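I have placed the structure first, in the form of structure tokens, so that the comments after it can refer back to it.
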Amino acid sequence: MKQIRRFSILPALAAAMLGLALWTPSVRACNIPVFRYALERWEPYPYETLVFYDQTLPEPLRQTFEALENRPVNLSVWLVDINQEDMHEELKKVWAREKSRAVLPWGVVRYPYPYWNNVKTNTLWTGTVEPATLWQLVDSPARRTVAEHILKGVSTVWIFIEGDDPSENDAKADILRKRLDWVRQVAELPDIAIQEVEQGEMAKDAPGHVPLKIAFEIVRLQRDDPAEQFLIHALLNIEKDYKDFKDKPFAFPIFGQGRALWGLIGDGIADAMIDDASAFLLGACSCTIKDLNPGVDMLIQADWYGGVSNLLSVASEAPTLSGMAPPPETAADAETAEPETAPELPLGLVVGGTLAILLVVVALISIKALKQNNT
């Protein structure tokens, strides 16, 4: 868990320079499959967690934050004293929206910043912050299962979220299972891909070795599972129109370091759509910047570079709670809550992002010119 440092020009400039470096003429096409390239190189973005409190935090809560500091989890916490005079304008807006219902200490969990323009709502969860709640936000049985499967070499773990109709759930889950079995039987990894992976950071002799193979697993969840509410909310809000299919089953392929690809919904859980997702994930990676690829990182506690043995050695402290506070868009809140708008970005972030875009555009133009010269 890392403290937020988003209000700075340096990360954007660093990303821009990294993007330019990746697009140099000396870089050749990569043969590593997307699912493996993502596991080795696409580190997940942190979920921004704002914790509003009045002067002092309860000691058990402070101890929990200290424990989370030593955990491999993509969570960034910003502790905000509501009495501070120099509160950032964006934090003031969030607190103004939340204070009428807040029972301190009050938490606001938001998707990673790069996804704010695409997700249904920036805010994923709000509620009173207690130690047990924190553990369930960062950990759950399904997420531990996903991480374990991936670190054992599973190419993609499909999260199947049930809808309202049991017979439809069974039928669509059966279609998914049978088609994934077929894909596993017919798909092959080229020798050159295997060779390139063996030269990577998770090769056979590496401490965090992950075997390279084509394999799939399905994790089936009931939509009202109390232990998995955060994961389910995170998945069902990554597209703005998912709300129109509340009664339908969903299937999300999870790959890399806990990254979710687009969801298949209802009748979309079909052979052709499963093939499309599998073709992308098993296909050769274009080695482009992570943000140019589809997908949204999930909040998962996992040491992706430590291997499955290291993952299993970290005992979970996540309890199974009887329930979890829903995301802010409940029927009651919709009538009273102010509309959530995009924040006013600091000048440094705007300038850095603009430079990053310009550098990538220049690099792409250079590559096109290089290809024309070579032909």
Determine, for region 141-313, the count of lysine pairs separated by eight or more sequence positions (or lying on different chains) whose alpha-carbon distance falls under 23 Å. 13
Rounded, prolate or oblate: pick one for region 97-146, where a ≥ b ≥ c are the square roots of the eigenvalues of its C-alpha gyration tensor, a/c under 1.5 means rounded, and failing that, prolate if a/b is larger than b/c, else oblate. oblate
Using Cβ contacts closer than 10 Å as the measure, can you line up 252, 245 from fewest to most? 245, 252
How much length is gained on full extension from residue 246 to residue 203, taking 0.36 nm per residue of separation minus their Cα-Cα distance? 11.3 nm
With the crude spin-label approximation of a point 7 Å out along Cα→Cβ, what separation in nm comes out for residue 116 versus residue 275? 4.1 nm
Would you please give the residues with an amide H less than 5 Å from that of residue 124, counting only those at least 5 places away or on a separate chain, with H modeled from the backbone geometry? 109, 110, 111
At what distance in nm do the modelled label points of residue 100 and residue 192 sit from each other, each positioned 7 Å from its Cα along Cα→Cβ? 6.1 nm
Quick numbers on region 141-313, Rg and Dmax over C-alpha atoms in Å, give 16.2, 48
Give me 239, 48 sorted ascending by neighbouring Cβ count inside 10 Å, so fewest comes first. 239, 48
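Here, each number is a calculation from the coordinates, and none is a lab measurement. Computed from a predicted model, the values in this text were never measured in an experiment. As a convention, Cβ positions derive from the backbone with ideal geometry for all residues, glycine included, and neighbour counts pool all protein chains shown.
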